[in-house]
């Protein structure tokens with residue numbers, strides 16, 4: 001395989017890949033006076049169109065993707081991204097709409113937004129939605145802001161947010177940016193929240209409990225109603241991280257679990273592509289009590305017309321410009337409309353079936369810290385392999401040699417050496433079996449030939465990369481030779 | 001239609017291995033009282049053909065595209081070379097996750113590294129991140145970062161900063177003990193430096209400036225940065241129209257400490273406001289407080305160059321509540337589009353683009369200012385937007401132009417009560433001379 005250089009390294013003066021039509025107004029030089037002008041953009045690339053095409057095509061081929069194969073990254077819900085959704089989101093009337101266009105000229109866009117708000121409310125059992133947040137973490141932040149605004153109006157914003165030790169790292173981070181102190185709630189031996197422990201932590205200084213359900217172990221928090229009762233009885237709110245909604249669509253609704261606020265990830269449950277790290281969308285759903293605090297503008301339907309309501313005196317404000325990631329919302333709508341009620345329920349059923357099939361197939365080879373039944377994902381650990389000095393990262397890298405993407409390793413923190421595996425509903429039995437066989441083979445290799453696992457990957461475009469050196473050297477951009485150190 | 005790949009036979013075999021006779025058994029841990037006992041009330045499924053016509057119906061209810069529009073204000077119409085759509089729609093870029101496994105994500109990582117380099121070159125800064133959600137939340141992240149670095153309670157933001165950016169900053173800092181104070185503008189449309197001087201004190205963490213600002217006027221960033229620094233504050237520069245950087249001096253060369261902004265003009269369609277692309281760059285010394293993902297160069301075990309996400313100890317998945325930001329998923333595919341766009345235009349292409357924007361907008365400004373009943377509102381030099389004041393009632397003028405199929409710009413009176421009869425007009429390379437002339441004559445007729 002050709003090793004693709006950085007574009008800056010193949011740049012040559014005078015090359016061009018694009019030209020503009022001739023300027024059709026009389027050129028004036030005097031408009032530049034009094035302006036700070038730059039001589040040139042130092043180091044900026046100059047290449048031909050063919051070079052651009054080859055560059056990005058070659059780079060793309062070094063990526064593993066869902067289109068290529070199984071991608072069981074736990075908590076990320078790497079399902080197939082339907083291609084037709086890309087096509088409808090590229091319709092000219094959508095992509096060429098200016099966000100300041102007068103409302104009466106973008107009724108189609110507003111109808112889409114309103115329709116998605118209503119569909120998500122039905123799917124989650126919540127009562128109102130905002131589609132403004134750009135991703136799950138921004139949804140979390142907005143959700144916490146809504147809670148804070150409501151508590152402030154009641155007289156005391158409170159100071160603590162409770163978060164289980166199994167939570168995703170964005171939860172504590174979002175609570176912190178909202179001005180809260182985080183208190184951790186310990187999981188019990190089943191991997192769920194211990195109700196008594198929660199009751200001990202729950203005081204009138206606690207603003208909210210942030211809960212993920214099913215949690216990051218894939219376990220359903222069966223005491224959710226009891227938990228909500230405890231939190232509500234002290235005037236707190238239940239925030240649910242909806243990252244794992246893929247396990248529940250059509251089966252169970254957070255609103256019916258007495259959840260007050262939830263965020264969803266359209267790029268997880270609702271199939272919009274992850275794009276190598278975004279754009280996603282993190283809509284936030286609330287119960288009526290928190291609706292007045294939603295960000296502006298709110299879309300209303302009046303006399304058959306969609307209008308934008310900015311006159312919301314209790315609003316928290318805005319977390320980003322305009323209406324959020326509109327085209328992502330378009331794709332999610334296409335997904336929901338393609339599947340319908342039965343299709344959505346089947347998503348959860350098959351996602352859970354696939355996950356349990358993997359769990360059952362690998363339970364002898366890989367340690368499962370928690371024996372509790374799981375839904376859409378399960379968290380193995382490297383405990384058995386560790387005896388041979390093989391760690392979760394080695395197993396992950398060895399999977400690459402088998403042509404598969406590794407599971408998640410960075411959390412949950414309560415499982416040491418975690419391999420959080422989420423197959424999603426879109427995978428064929430053949431692909432599941434490929435993964436299962438590879439994992440079994442790696443378990444054997446760990447015993448018989450651990451070196452081959454520890455030195456993996458062997459076949460990829462680059463082999464194991466020195467991440468420590470990257471953090472130490474901090475080469476974070478290309479620089480012209482001789483200019484590396486200023 | 002669903003996207004399930006299991007046959008009934010597969011399902012049966014899988015259930016046999018698990019030891020269940022129905023999938024419902026797998027949901028037994030969910031208590032009955034929180035189970036949904038009915039079907040979801042959502043429409044019946046559509047086939048692909050039906051789906052496309054459904055969305056074409058939505059699209060037909062949008063009429064904006066029939067109009068000649070001069071709207072800008074943080075979202076700019078620009079040409080997009082065809083290769084941007086072509087390359088950025090490759091499944092290898094579209095369908096992976098964040099590059100947590102660098103050995104199988106070199107494509108995404110190298111693109112991020114190139115993107116970071118391009119942003120550094122454009123803004124004149126040392127380091128840049130992999131992207132943020134959009135310009136407005138980028139501005140908020142920059143304010144939070146400056147506050148972490150300086151730990152002083154005040155941040156000064158200009159009234160000539162985009163109103164939505166001001167709103168987002170306000171929303172983000174509300175609960176963190178930061179006091180925002182607004183700095184006015186002069187008749188030139190630039191930041192009122194006397195007002196800035198009065199408001200700057202030793203308790204100020206940062207001075208924010210937008211250039212070109214919301215009125216389209218280019219700020220004196222050198223002066224503003226100097227003033228910020230002499231009071232011990234950081235200079236934060238916001239760029240909503242980065243095409244301007246093809247021509248205007250890099251903020252880094254004018255003393256900026258943090259530069260952030262909106263990358264939409266770089267190959268991302270207007271898309272009714274999103275997805276867009278936040279970018280951010282800063283001096284090397286601030287790297288520990290820098291938010292967002294960063295790609296860095298390293299070597300593999302065979303000594304070959306490769307790229308990884310680095311400095312992750314700043315980030316939420318390691319540091320949890322002490323992270324520099326809660327951002328996780330960002331806007332990688334939009335950053336890819338911007339990278340392809342910038343590399344396709346190249347050094348000369350971006351300069352030409354900036355040049356054409358400036359020439360056309362200035363032509364329009366002159367043409368409109370000559371018309372009866374229209375006044376140029378601010379005297380400061382502009383890039384591709386400007387404010388005009390109309391002698392007649394703005395709503396009436398708008399209605400008259402609407403009938404001619406023209407949206408002449410954005411009314412800014414609702415954001416600036418003192419500018420009640422003012423329009424913010426944006427002219428880019430996408431507007432032809434005849435269209436600008438048309439705008440002028442229609443406006444004159446209506447006044």
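Rule-based calculations on the coordinates, nothing more; no lab input. Note that this is a predicted model, so its numbers are computed, not measured. With ideal geometry, Cβ positions are generated from the backbone for all residues, glycine too; neighbour counts draw on all protein chains shown.
Report, in whole Å, the centroid distance computed from the Cα atoms of the range B:172-206 and the range A:1-47. Using only Cα atoms, the two centres lie 35 Å from each other. Convex hull volume per residue, computed on the Cα atoms of the range A:1-83, equals 240 Å³. Fewest neighbouring Cβ atoms within 10 Å first, the residues B:383, B:27 line up as B:27, B:383. What does DSSP give for the range A:84-337 in terms of the percent of beta bridges that are antiparallel, rounded to the nearest 5? Expressed as a percentage, antiparallel bridges in the range A:84-337 total about 45. The simple Förster model, with R0 at 25 Å and r as the Cβ-Cβ distance, assigns residue A:467 and residue A:447 a FRET efficiency of 0.40. Label point of residue B:182 set 7 angstrom out along Cα-Cβ; within the range B:149-174, amide nitrogens under 17 Å from it belong to B:155-174.
Computed from the alpha carbon positions, the gyration tensor of chain B leads to an equivalent ellipsoid with semi-axes of 42, 31, 23 Å, biggest first. Calculated FRET efficiency, residue A:24 to residue B:49, Cβ-Cβ distance, R0 = 41 Å: about 0.45 to the nearest 0.05. Within the range B:159-302, DSSP assigns beta bridges of which about 40% are antiparallel (rounded to the nearest 5). Note on chain B: with a GNM built from Cα contacts shorter than 10 Å, the maximum mean-square fluctuation among B:60, B:359, B:164 falls on B:60.
Spin-label model, residue B:318/residue A:309: points 7 Å from Cα along the beta carbon direction are separated by 4.5 nm.
The helix-only estimate of mean residue ellipticity at 222 nm for chain B, built from DSSP H runs of length n ≥ 4 each weighted as -39500 (n - 2.57), is -11500 deg cm²/dmol after division by the residue total.
Here the gap between residue A:153 and residue A:433, fully extended at 0.36 nm per residue and compared with their Cα-Cα distance, gives a gain of 95.3 nm. Between B:20, B:169, B:327, the residue with the greatest mean-square fluctuation in the GNM of chain B (Cα pairs under 10 Å linked by springs) is B:20.
For the range A:315-367 and the range B:225-304, compute the distance between their C-alpha centroids and round to whole Å. If you average the Cα positions of each part, the centres end up 33 Å apart. Considering only B:194, B:315, B:434, give the residue with the highest GNM mean-square fluctuation for chain B, with springs between Cα atoms whenever their separation is below 10 Å. Maximum among the listed residues: B:434.
Modelled this way, with points 7 Å down the Cα-to-C-beta line, the labels at residue A:83 and residue B:148 are 4.2 nm from one another. Per-residue ellipticity at 222 nm computed for chain A from its helices equals -11000 deg cm²/dmol, with DSSP H segments shorter than 4 residues left out and the rest contributing -39,500 (n - 2.57). Length gained on full extension, residue B:447 to residue B:201, computed as 0.36 nm times the residue gap minus the Cα-Cα distance: 83.9 nm.
Can you tell me the FRET efficiency between residue A:289 and residue A:371 if r is taken as the Cβ-Cβ distance and R0 is 45 Å, rounded to the nearest 0.05? For residue A:289 and residue A:371, the calculated efficiency is 0.70.
With Cα atoms defining each centre, the range A:123-178 and the range B:366-418 are spaced 41 Å apart in the structure.
Multiplying each eigenvalue of the alpha-carbon gyration tensor of the protein assembly as shown by 5 and taking the square root yields semi-axes of 44, 31, 27 Å, largest first, rounded to whole angstroms. A viscosity of 0.890 mPa s and a temperature of 25 °C, combined with the Kirkwood radius over Cα pairs in Stokes-Einstein, give a translational diffusion coefficient for the range B:82-341 of 132 µm²/s.
Exposure proxy for B:120, A:178: other Cβ atoms within 10 Å of each Cβ, ordered fewest to most, give B:120, A:178.
Applying 0.36 nm per residue to the separation of residue B:404 and residue B:433 and subtracting their alpha-carbon distance, the gain on full extension is 8.7 nm.
Residue A:387 label point, 7 Å along Cα→Cβ, cut-off 17 Å on backbone N: hits in the range A:441-455? Under 17 Å, as judged by backbone N against the label point of residue A:387, lie A:441-451 of the range A:441-455. Building the convex hull from the alpha-carbon atoms of the range A:9-166 and averaging its projection over directions returns 19.6 nm².
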